[in-house]
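The next block holds one structure in the form of structure tokens; read it before the comments.
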Amino acid sequence: AAEIARLLAQPRGADPLAGQPDFAGTVRLQPRASLHGKHILITAGPTHEPIDPVRYIANRSSGKQGFAIAAAAADAGAKVTLVAGPVNLPTPPGVIRIDVESAREMAAAVETALPADAAIMVAAVADWRAAETAAIKIKKDGSGAVPPLALTENPDILATLAASPQRPRLLIGFAAETNDVIAHAQAKLMRKGCDWIIANDVAADPMGGDANRVHLVTATAVDSWE
Ligand code: C5P
């Protein structure tokens, strides 16, 4: 209680989102110290899955949503571990950041960061990686032949965490959908075994954009944030 009183007495410092990309609309921050004593584990950004030393498979995730959540959680007093894929964003104040490239590296970093009271899996993890990574750059041989690219499935970090003995008490997954957003989110909630799915309706403004509408989907309720 004394520690919380001390934190509350401190003036609110600089904007915790300073230096992060802008969001459309107002950001509502939680009271200072409201997450004091909690460890929150967050994944953010895309993953890069190597094909050879110079090429990779990626996606359009910017990381800004996960970084903003990490900034807000740290501002509310949580200890925050942010496992970040390759993004070009500054580390929010007070956040412990672990940079990774591939889905398998992200999975290992998440496991190392446990235990956590809550995990918020915002990262757009690549579903597949190249089955084999070439040790040297794959070259055109002039014949017009296209090299085969076989894919294999990546570990599902969220589903693995849901089934783990170290499952955080609150486990939140994300979904980016263009259609039947809530139905897909409800199905994903069951499939992955998490507590909430934050469904991003990306029909109007796809991944990387500044504005979206989210639906907080639980097993019993849907709360839509315009
Ligand atoms: O299956 P889908 O990729 O749509 O699920 C999205 C949710 O699952 C996100 O919370 C994402 O961070 C998580 N995820 C994961 N590991 C994967 C794929 C997705 O943690 N390999």
Quiz item: Looking at this structure, is ASP99 among the acidic types (Asp, Glu) and either near the ligand (Cβ under 10 Å from one of its atoms) or more than 20 Å from LYS64 (Cα to Cα) (or both)?
Solution: no
Quiz prompt | Those residues of the range 135-172 which are in contact with a strand residue (DSSP E or B) (Cβ under 8 Å, 6 or more places away or on another chain), within 20 Å of HIS48 (Cα to Cα) and surrounded by 10 or more Cβ atoms within 10 Å (Cβ to Cβ), in sequence order | solution = LYS137, ILE138, LEU149, LEU151, THR152, GLU153, ASN154, ILE157, LEU158
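Here is a yes/no grid of residues against (1) among the basic types (Lys, Arg); (2) in a loop (DSSP other than H, G, I, E, B):
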residue: GLY144; (1), (2): no, yes
residue: ARG167; (1), (2): yes, yes
residue: MET190; (1), (2): no, no
residue: CYS194; (1), (2): no, yes
residue: HIS215; (1), (2): no, no
Practice problem: Enumerate the pairs (first residue in the range 108-126 and in contact (Cβ under 8 Å) with a residue 12 or more places away in the chain; second residue anywhere and away from the ligand (no atom under 13 Å from the Cβ) and hydroxyl-bearing (Ser, Thr, Tyr)) with beta-carbon separation below 7 Å, excluding pairs fewer than 6 apart on the same chain, so at least 6 apart or on different chains. | Solution: ALA113/THR81
Practice problem: Any chance you could count how many residues in the range 49-100 are free of Cβ contacts under 8 Å to residues at least 60 places away in the same chain, farther than 30 Å from PRO31 by Cβ and over 13 Å from the mean Cα position of the chain (by Cα)? | Solution: 2
Self-check item: Unique residue being of a type in the set (S, T, N, Q) and open to solvent by less than 10 Å² (accessible area, probe 1.4 Å) when the list is THR47, THR91, THR112
Solution: THR47
Quiz item: Of (1) of a type outside the set (S, T, N, Q); (2) touching a Ser or Thr at 6+ places or on another chain (Cβ under 7 Å); (3) surrounded by fewer than 18 Cβ atoms within 10 Å (Cβ to Cβ), VAL122 satisfies all except one. Which?
Solution: (3)
Quiz prompt | Residue check, ALA2 small (Gly, Ala, Ser), farther than 16 Å from ASP117 by Cβ and at pLDDT below 90 | solution = yes
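The values are calculated or read from the model by the stated rules, or taken from the named source; none is laboratory data. Predicted, not measured: the structure shown is a model, and the values here were computed from it. As a convention, Cβ positions derive from the backbone with ideal geometry for all residues, glycine included, and neighbour counts pool all protein chains shown. Surface areas here come from the heavy atoms of the whole protein model, side chains and all, with no ligands, DNA or RNA. Shrake-Rupley method; radii C 1.70, N 1.55, O 1.52, S 1.80 Å.
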